[in-house]
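What follows is one structure encoded as structure tokens, with my remarks underneath.
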Amino acid sequence: MRLSSIILSFLSVIVVLHIYFLVTISIGSSQEDEEILSMIKREGMKHSTHSNKKSILSRHHDICVVGSGLSGSVIAERYANVLKKSVLVIDKRDHIGGNCYDYIDNETNIRVNKYGAHLFHTNSERVWDYVQRFTDWTPYEHKVLGLVNEKYVPIPVNIETVNQLFDLNIT
């Protein structure tokens, strides 16, 4: 037995022992994939049964991505859609999205950031075009003002702060 086979067998045992949640992204989506995705949508991810997890693990996948946070989700999506690979995504949590996960509270109908608020910002049009493909975004502009000498000025201090405090027009 080759060393890589031994390592893969060992990792498989560890993965099976530690898996709480599995999602399969398959190109060509088989009937079994459709049934699993339907069950996940219907019952919620944390209710997927152990037998479904075993059937997913026993099938061939080109790539295994551990973690479904921002990086893992992007890597899995790119492998599946650009390289046309079947991808197994494994995460210990009962949801995808990592620390950026949010949900709508059933009682209040308010969006809750389970792990605290996260702000996304980029100056890259390519990145912005990519992330907009997957969800609607709520516009947000983060402004912090401090009261200094009876004037509200931007904090942290920047050129606009200096201009307002000293009646200047530095550009």
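See the values below:
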| item | result |
| --- | --- |
| Some residue of region 114-129 being within 25 Å of residue 65 (Cβ to Cβ) and among the acidic types (Asp, Glu) | yes |
| Candidate set from region 65-100 (those that are in contact with a His (Cβ under 9 Å, 6 or more places away or on another chain) and under 14 Å from residue 134 (Cβ atoms)); member that is modelled with the highest pLDDT | 68 |
| Residue ID - most open to solvent (accessible area, probe 1.4 Å), chosen from residues in region 104-119 that are without any contact (Cβ under 8 Å) to a residue 12 or more places away in the chain and either out of contact with any strand residue (DSSP E or B) (no Cβ under 6 Å at 6 or more places or on another chain) or among the hydrophobic types (A, V, I, L, M, F, W, C) (or both) | 107 |
| Some residue of region 18-36 being open to solvent by 80 Å² or more (accessible area, probe 1.4 Å), modelled with pLDDT under 50 and of a type outside the set (Val, Ile, Thr) | yes |
| Pairs, first more than 16 Å from residue 96 (Cα to Cα) in region 61-81, second open to solvent by less than 20 Å² (accessible area, probe 1.4 Å) and not in a loop (DSSP other than H, G, I, E, B), C-beta under 6 Å, six or more apart | 61/88; 63/87; 79/87; 80/87 |
| Positions within region 126-171 being surrounded by 10 or more Cβ atoms within 10 Å (Cβ to Cβ) and of a type in the set (Val, Ile, Thr), in sequence order | 127, 131, 148, 153, 155, 157, 159, 161, 162 |
| Scan of region 77-99 for residues that are under 13 Å from residue 67 (Cβ atoms) and either of a type outside the set (Lys, Arg) or surrounded by 13 or more Cβ atoms within 10 Å (Cβ to Cβ) (or both), ordered by number | 87, 88, 89, 90, 91, 93, 95, 96, 97, 98, 99 |
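The values are calculated or read from the model by the stated rules, or taken from the named source; none is laboratory data. Keep in mind it's a predicted model, so treat the numbers as computed, not measured. No Cβ is skipped: glycine too gets one built from the backbone with ideal geometry, and neighbour counts run over all protein chains shown. Each accessible area value is taken on the protein alone, full model and side chains, heavy atoms only, with ligands, DNA and RNA left out. Shrake-Rupley method; radii C 1.70, N 1.55, O 1.52, S 1.80 Å.
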